[in-house]
1. Separation of the stretch 205-271 and the stretch 163-194 by C-alpha centroid, Å?
2. Could you run the Debye sum over the Cα atoms of the chain, one equal point scatterer each and no solvent, and tell me log10 of I(q)/I(0) at q = 0.16 Å⁻¹, two decimals?
3. Would you mind telling me which residue in VAL28, VAL166, VAL308 has the biggest mean-square fluctuation in a Gaussian network model of the chain, where springs connect alpha carbons within a distance under 10 angstrom?
4. Could you work out [θ]222 nm for the chain from helices alone, using -39500 (n - 2.57) per DSSP H run of at least four and dividing by all its residues? Round to the nearest 500 deg cm²/dmol.
5. Roughly speaking, what is the stretch gain from THR169 to SER205, that is 0.36 nm per residue apart minus the C-alpha to C-alpha distance, in nm to one decimal?
6. Roughly how many Å² is the accessible area per residue of the stretch 272-325, as a whole number, for a 1.4 Å probe?
7. Which sequence of ARG80, ARG44 reflects their accessible areas, 1.4 Å probe, from the largest down?
8. What's the ranking of 191-200, 225-234 by average number of surrounding C-beta atoms within 10 Å, highest first?
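The values are calculated or read from the model by the stated rules, or taken from the named source; none is laboratory data. Everything numeric in this text was worked out from a predicted model, so none of it was measured. Don't worry about glycine lacking a Cβ; one is built from the backbone with ideal geometry, like all the others, and counts go over all protein chains shown. Note: areas computed on protein heavy atoms with side chains; ligands, DNA, RNA excluded. Shrake-Rupley method; radii C 1.70, N 1.55, O 1.52, S 1.80 Å.
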Amino acid sequence: MTPPTAKAFRNPRAQHGFQGRSCSIISVGAYVPERVLTNTELSRMVDTSDEWIVTRTGIRERHVAASDQATSDLAAEAARQALERAAIPAEQVDLIITATVTPDMPFPSTSCLVQEKIGARRAAAFDIEAACSGFIYALEIGQQFIMSRSYDTVLVIGAEKLTGIVDWTDRNTCVLFGDGAGAAVLHNRPGSHGLLTVCMGADGSKGNVLCVPAGGSRVPASTDSVGGRQHFIRMDGKETFKYAVQAMHAAAKEALARCELDISQISLVIPHQANLRIIDAVGERLGARPEQVFKNLDRLGNTSAASVAIALDEAVSAGRVKRGDLILLVVFGAGFTWGAAVIEW
Ligand code: UT7
């Protein structure tokens with residue numbers, strides 16, 4: 001990988017009276033369940049083919065959680081790995097934030113269940129829901145707690161068991177999603193730069209384009225809602241696709257501009273892994289070289305809030321991100337929601 005051409009950049013946080021505080025991602029971790037579901041297996045379940053899925057999405061296989069594995073189980077595995085790598089005992093965690101659209105249950109939160117599983121007895125815990133954009137939203141929330149001096153150590157998790165809310169009779173959606181979890185340990189580390197900026201956005205007028213219609217207060221679970229398959233993901237793929245390219249590009253551009261950065265200074269772009277054609281279109285519009293853009297959706301599919309969290313872990317493990325590198329995360333999801341973050345690793 002070509003190193004960034006220049007190291008000069010602006011840290012927008014430095015001007016907001018946060019002297020003496022700095023939020024760094026000190027470690028990451030990830031977990032994907034063992035079972036792999038290939039396109040060929042899917043083509044025996046619905047009217048599809050490996051060729052269609054690969055050409056239209058770039059996905060070849062995805063991981064599927066076991067029936068006794070819930071989102072908190074995946075999340076706890078990723079969290080344990082991240083904490084171990086940070087050499088931070090679970091008791092030292094001040095706050096757990098889990099981004100998910102597939103909580104174990106409506107309440108208690110998945111974060112509370114993770115707290116118990118990993119033994120983070122001192123930690124406060126809550127979930128956030130921003131669909132596939134959730135991990136970036138959660139990073140920003142975690143960072144705010146650190147910069148405001150409320151907490152020193154925040155565990156941020158993106159975790160999903162999407163295969164539990166996928167309609168396995170709908171070829172438009174069932175080929176897209178997979179399960180997994182990623183985690184990051186945020187820590188106050190004075191003198192470092194860490195999360196330079198996070199841009200977030202939403203357009204609630206597009207709420208019905210990508211949703212699970214039932215199971216909340218609008219359409220509580222009933223025999224009708226179950227019979228009508230309303231507890232599964234529904235998506236207008238084309239509209240989502242068009243909006244995603246435009247919003248991800250705009251968010252990434254804004255994040256770079258805030259830091260006075262050119263794309264050539266970014267070591268790695270880590271986009272939400274929903275569709276290879278979306279990733280390529282966003283990369284091209286940003287002027288990124290193909291090798292600057294991280295992709296793992298061929299193996300994992302779309303894991304929603306876990307997507308960029310797992311990708312970040314894989315990029316770090318593979319040596320594609322080194323300390324001091326500048327990286328750009330960019331996401332898009334239901335809501336619609338979107339976001340971009342520039343991180344000095
Ligand atoms: O993570 C949140 C964000 N989510 C996304 O960003 C997803 C965005 N959308 C997409 O990735 C794409 O729109 C899809 C991959 C979902 C669909 O690709 P597309 O190129 O937009 O295809 P389409 O929906 O326009 O469907 C084209 C054709 C249709 O057939 P007709 O009407 O042309 O005869 C579909 O019925 O492909 C058909 N089709 C399939 N054929 C084989 C749809 N799904 C499949 C399938 N296998 N799995």
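1. Result: 13 Å between the Cα centres.
2. Listed by q, the Debye log ratios stand at -1.44.
3. VAL166
4. Roughly -9000 deg cm²/dmol at 222 nm, from the helical runs in the chain.
5. Once the chain is fully extended between THR169 and SER205, it gains 10.2 nm.
6. Details: 1930 Å² over 54 residues.
Per-residue accessible area for the stretch 272-325 comes out at 36 Å².
7. ARG44, ARG80
8. On the way: 191-200: 19.6, 225-234: 15.1.
Going from most to least packed, we get 191-200, 225-234.
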